[in-house]
1. Filtering the range 93-109 down to residues that are in contact with a Gly (Cβ under 8 Å, 6 or more places away or on another chain) and surrounded by 15 or more Cβ atoms within 10 Å (Cβ to Cβ), which residue is farthest from residue 10 (Cα to Cα)?
2. Starting from residues that are among the charged types (D, E, K, R) and within 17 Å of residue 14 (Cβ to Cβ), keep the ones in the range 47-71 and report whichever is surrounded by the fewest Cβ atoms within 10 Å (Cβ to Cβ).
3. Residues to consider are 76, 3, 112; find the one that is at pLDDT 95 or above, of a type in the set (Lys, Arg) and crowded, with 16+ Cβ neighbours inside 10 Å.
4. Restricting attention to the range 6-27, which residues are part of a strand (DSSP E or B) and either out of contact with any Leu (no Cβ under 8 Å at 6 or more places or on another chain) or surrounded by fewer than 19 Cβ atoms within 10 Å (Cβ to Cβ) (or both)?
5. When both residues are 6+ apart or on different chains and their Cβ atoms are under 6 Å apart, which pairs have a first residue that lies in the range 8-29 and is farther than 25 Å from residue 59 by Cα, and a second that is of a type in the set (Lys, Arg) and modelled with pLDDT of 95 or more?
6. In the range 32-56, which residues are among the aliphatic types (A, V, I, L, M), at pLDDT 95 or above and not in a strand (DSSP E or B)?
7. Can you spot a residue in the range 24-31 that is within 21 Å of residue 1 (Cβ to Cβ), of a type in the set (Asp, Glu) and at pLDDT 95 or above?
8. If I go through the range 57-98 residue by residue, how many of them are part of a helix (DSSP H, G or I), touching a residue at least 40 places away in the same chain (Cβ under 8 Å) and not aliphatic (A, V, I, L, M)?
Amino acid sequence: MAKILIVDDSAFARNNLRMIVENGGHEIIGLAEDGEQALSLFKSLGPELVMLDYLMEGMSGMEVLKEIIQHDPDAKVIMVSGLGDSTVEEEALEAGARTFVRKPYAQTNILKIIDHVMEN
């Protein structure tokens with residue numbers, strides 16, 4: 001079981017991912033709707049894993065990712081996006097994301113990805 005912070009500017013996406021992750025036996029220790037809130041919760045809660053949306057209003061997911069990695073180079077971050085652009089995926093992986101998941105995703109797929117990231 002991982003302690004997870006979910007970051008997405010869409011309340012629907014946050015709640016959907018939360019239900020999937022909780023049904024998979026993981027604990028959601030925080031929900032953030034923007035980059036500023038995400039960084040604050042990351043620093044105060046110390047999650048084992050961050051599920052981070054790429055496209056957000058204000059501070060982008062990439063900016064948040066870079067700040068998280070700067071704060072903790074060993075942080076485990078899964079970047080999530082509806083964009084199918086391989087350039088975006090490469091950029092996220094180079095910046096420190098452990099993997100990149102495209103929306104929409106299947107429940108079983110996202111749980112397998114979480115388990116894989118937590119094991120490595």
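1. Ranking the qualifying residues of the range 93-109, first place goes to 102.
2. First, pick out the residues of the range 47-71 that are among the charged types (D, E, K, R): 48, 53, 57, 63, 66-67.
Cutting the leftovers down to within 17 Å of residue 14 (Cβ to Cβ) gives us 53, 57.
On the way: 53: 26, 57: 9.
Going through the qualifying residues, I end up with 57.
3. Values: 3 fails: crowded, with 16+ Cβ neighbours inside 10 Å; 112 fails: crowded, with 16+ Cβ neighbours inside 10 Å.
That would be 76, the only listed residue that is at pLDDT 95 or above, of a type in the set (Lys, Arg) and crowded, with 16+ Cβ neighbours inside 10 Å.
4. The one that is part of a strand (DSSP E or B) and either out of contact with any Leu (no Cβ under 8 Å at 6 or more places or on another chain) or surrounded by fewer than 19 Cβ atoms within 10 Å (Cβ to Cβ) (or both): 27.
5. Short answer, once both residue conditions are applied: 27/3.
6. The answer is 38, 39, 41, 45.
7. yes
8. Total satisfying the criteria: 1.
The values are calculated or read from the model by the stated rules, or taken from the named source; none is laboratory data. Quantities reported herein were computed from a predicted structural model and do not represent experimental measurements. So basically every Cβ, Gly included, is an ideal-geometry build from the backbone, and we count neighbours across all protein chains shown.
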